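Notes follow once the structure below has been shown.
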Amino acid sequence: MKFEFENRHYDLEFNSMVIQIIGESAVGKSLMYQDLQAHIDANQELGFEKDYLLINYQNRKFYTNLEQLREFKYIFIDNADIVLNSAIDDEIIDSQKTSRNYWVLIGREPRGSVPGNSVGILTRESKDGHHYFKMSYSSR
C-alpha cells in the first residue's frame, strides 16, 4: 500500500492479515495515521472511506460493535496498546484464520496477538524536503 500526503510518502507492505507497526518515539507512526486520514478525506470521490476504518483513542468508543468492524477491508488502530480491548483482540486473532479484514495496529510495543513475523518497524528517511516512510519486518 502506497500513499502520499503533502511532502510525505508512505510504503507499507502487508505480509499477513494482521500486522503491527512499531517504531521509535517520534518516528512518525501517529503522523502516518493522520496522513492516511487526510488522504482518505481528500480523495472521497474514490470511495476510500468504504474500505478503511481508522480508530484512535479519540473515536474508539464509536467502534465497540464487532459486526460494524467487519464491514471494512482495512482497519488501522493508532495507539493500539491503549485502544484495544479483549473483545477486539479476540476478533483480531479470529481474522488471522478467516482472512476477513486487514488489521494494522500502530503502537510502541508488539502485541501477543500479532505473529512475530508480522511486526513491522517504521523508519523515516528525509531527502530534498521530502520524507519517505517505509516499513520493514523483523523477527521477534
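The values are calculated or read from the model by the stated rules, or taken from the named source; none is laboratory data. Being a predicted model, the structure only gives us computed values, none of them experimental. When we count neighbours, we look across all protein chains shown, and the Cβ atoms used for this are built from the backbone with ideal geometry, even at glycine.
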(message) Whether any residue in segment 84-99 is in a helix (DSSP H, G or I) and under 19 Å from F133 (Cβ atoms) is what I want to check.
(response) no
(message) When you scan segment 40-52, do you find a residue that is under 27 Å from E91 (Cα atoms), assigned to a strand (DSSP E or B) and without any contact (Cβ under 8 Å) to a residue 40 or more places away in the chain, even just one?
(response) yes
(message) Can you say whether N65 is at pLDDT below 85 and at negative phi, as far as the supplied structure shows?
(response) yes
(request) Please determine, by comparing only the residues of segment 107-137 that are aliphatic (A, V, I, L, M) and in contact with a Ser or Thr (Cβ under 7 Å, 6 or more places away or on another chain), which one is farthest from I75 (Cα to Cα). (result) I121
(message) Taking the condition of being in a strand (DSSP E or B) and more than 13 Å from the chain's Cα centre (by Cα), how many residues in segment 106-133 meet it?
(response) 9
(message) Of everything in segment 23-57, what is surrounded by fewer than 18 Cβ atoms within 10 Å (Cβ to Cβ) and basic (K, R)? Give them in sequence order.
(response) K50
(request) May I ask you to list the residues in segment 1-39 that are closer than 25 Å to D94 by Cα and in a loop (DSSP other than H, G, I, E, B)? (result) M1, L12, E13, F14, N15, S16, M17
(request) Of all residues in segment 4-44, count the ones that are of a type outside the set (D, E, K, R), more than 16 Å from Y137 (Cα to Cα) and within 13 Å of the chain's Cα centre (by Cα). (result) 8
(request) Output the residue which, of all residues in segment 98-140 that are at pLDDT below 85 and basic (K, R), is surrounded by the fewest Cβ atoms within 10 Å (Cβ to Cβ). (result) R140
